[in-house]
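One structure is given below, encoded as structure tokens.
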Amino acid sequence: MNDMGPPRFATTRNATPVEAAQRDLLLADPGFGRVFTDHMVTIRYADGRGWHDAAVTARGPISIDPACSVLHYAQEIFEGMKAYRAADGAPVLFRPDANARRFRASAERMAMAQLPEDLFIEAVERLVRIDADWIPAAGAGSLYLRPFMFASEVFLGVKPSSEYLFMVIASSVGGYFKGGKPAITLWASEDFTRAAPGGTGAAKCGGNYAASLLAQAQATEKGCDQVVFLDAVERKWVEELGGMNIFFLFDDGSMITPPLGGTILPGITRDSIITLARDQGIEVREERYSIDQWREDAASGRLRECFACGTAAVVTPIGEVKTTGGSFTIGGAQAGELTMKLRAQLTGIQAGTEPDPHGWLHRVARD
Ligand code: PLP
Ligand code: COI
């Protein structure tokens, strides 16, 4: 924070926003991450000056020097969160405080300046407010928000940058997975791992995703929707997917999800699902689960259901796992009953049609 307190935002509306008829066409089938709104937020940071030059402007390209340090050493972090429409049409966010907190934790791990949590939330709220017309109608999708920050110092020495650019952009989205299959298929990567103890697995930094792309490309080659990673030490414990956490549901009604321990992302959806399940008396164990056990339990029927979860993926049933040693299916490769119940509860809270006992919805105040 600078001496003058939090920066005030300067707002300049886009002079040539997308016309309403064109926007409606785009919102009819937005897919994921291709349809962008009219505005963006930028806030700058410099050592000695703190956070400054906060602005909402027309969305557009930015210009950076070729020696900008993010281009060389990848000091970059991001968040993923969504805005929905409440029953009265007002925009709402889901647990933005949790994203603001995780963003700070990621910044700390990557030796970056830490954006105050209230400034993070204000930045996101300002973008949602000015681009509220881009939130798809209830049930038709959501507005995916992508806050991110990168090292903007022009310097080739290897050290934490002295300058950062924080930005927020927004994208109207439908489902993350194409195709409308009842359940997705995973490729269990034996060649590659995502994160090692002491590494950056718990931070939401771009480098983690860059490192996952080859494994994800192999998954696609094998006809799978996502890669699932095993731990880097013993190469046997299930960790998470390229962009989602994972849950296992058993015939005794209990659930397991891999424990947080520095190598997986502490998902906000993961935390919400654990809370919702425990609220209704379901036993949830944060416990290591091996790929061999997974195969064995799928075959014996002890494992009834399995799902992936995350902001983009929401709650997505997993029906099949392919490995170099063969494949196995879970629950007949159909969407599980409890999986779909938890999904309905979560999306019901987000849409405002289910009670919100934990106060997760955050209404975006009008100007
Ligand atoms: N794990 C990874 C690697 C992710 O990229 C994500 C998505 O953000 C998640 C888990 C789920 O996190 P969240 O539920 O906070 O979106
Ligand atoms: C998210 O869910 O927000 C992510 O960052 C994951 C990615 C698959 C888009």
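The values are calculated or read from the model by the stated rules, or taken from the named source; none is laboratory data. Remember, it's a predicted structure, so these values are computed and weren't measured experimentally. Using ideal geometry, Cβ is built from the backbone for each residue, glycine included, and neighbour counts are taken over all protein chains shown.
Restricted to segment 301-367, the set of strands (runs of 3 or more DSSP E) holding at least 1 residues that are farther than 21 Å from Cys224 by Cα and aliphatic (A, V, I, L, M) comprises 361-363. Is one or more of the residues making up segment 318-337 crowded, with 22+ Cβ neighbours inside 10 Å and within 16 Å of ligand 2 (Cβ to nearest atom)? Checked against the condition, which is being crowded, with 22+ Cβ neighbours inside 10 Å and within 16 Å of ligand 2 (Cβ to nearest atom), segment 318-337 yields at least one hit. Scanning segment 60-96 for residues that are within 23 Å of Gln350 (Cβ to Cβ) and over 14 Å from the mean Cα position of the chain (by Cα) yields Tyr84, Arg85, Ala86, Ala87, Asp88, Gly89, Ala90, Pro91, Val92. Scanning segment 182-196 for residues that are crowded, with 16+ Cβ neighbours inside 10 Å and either within 14 Å of Ser142 (Cα to Cα) or in contact (Cβ under 8 Å) with a residue 60 or more places away in the chain (or both) yields Ala183, Ile184, Thr185, Leu186, Trp187, Ala188, Arg194, Ala195.
Residues in segment 127-162 that are of a type in the set (Val, Ile, Thr) and either in a strand (DSSP E or B) or more than 18 Å from the chain's Cα centre (by Cα) (or both): Ile130, Val154, Val158. Note on segment 69-102: among residues that are within 11 Å of ligand 1 (Cβ to nearest atom), buried (at least 22 other Cβ atoms within 10 Å of the Cβ) and not charged (D, E, K, R), the one that is farthest from Val158 (Cα to Cα) is Phe94. Of the strands (runs of 3 or more DSSP E) entirely within segment 184-244, those holding at least 1 residues that are at pLDDT 95 or above and more than 15 Å from ligand 1 (Cβ to nearest atom) occupy 184-188. Filtered by the rule that a residue be within 16 Å of ligand 1 (Cβ to nearest atom) and either without any contact (Cβ under 8 Å) to a residue 12 or more places away in the chain or touching a helix residue (DSSP H, G or I) at 6+ places or on another chain (Cβ under 7 Å) (or both), segment 150-169 gives a lone residue, Val168.
For Glu296, are the conditions met, namely being assigned to a helix (DSSP H, G or I), without any contact (Cβ under 8 Å) to a residue 12 or more places away in the chain and among the charged types (D, E, K, R)? Spelling it out, Glu296 is indeed assigned to a helix (DSSP H, G or I), without any contact (Cβ under 8 Å) to a residue 12 or more places away in the chain and among the charged types (D, E, K, R).
Filtering segment 163-174 to residues that are part of a strand (DSSP E or B) and either over 16 Å from Asp53 (Cα atoms) or acidic (Asp, Glu) (or both) leaves Glu163, Ile169, Ala170, Ser171, Ser172, Val173. For segment 1-12, the set of residues classified as surrounded by 12 or more Cβ atoms within 10 Å (Cβ to Cβ) and at pLDDT 95 or above consists of Phe9, Thr11, listed by residue number.
Picking from residues in segment 245-280 that are among the hydrophobic types (A, V, I, L, M, F, W, C) and assigned to a loop (DSSP other than H, G, I, E, B), the one that is nearest to ligand 2 (Cβ to nearest atom) is Leu265.
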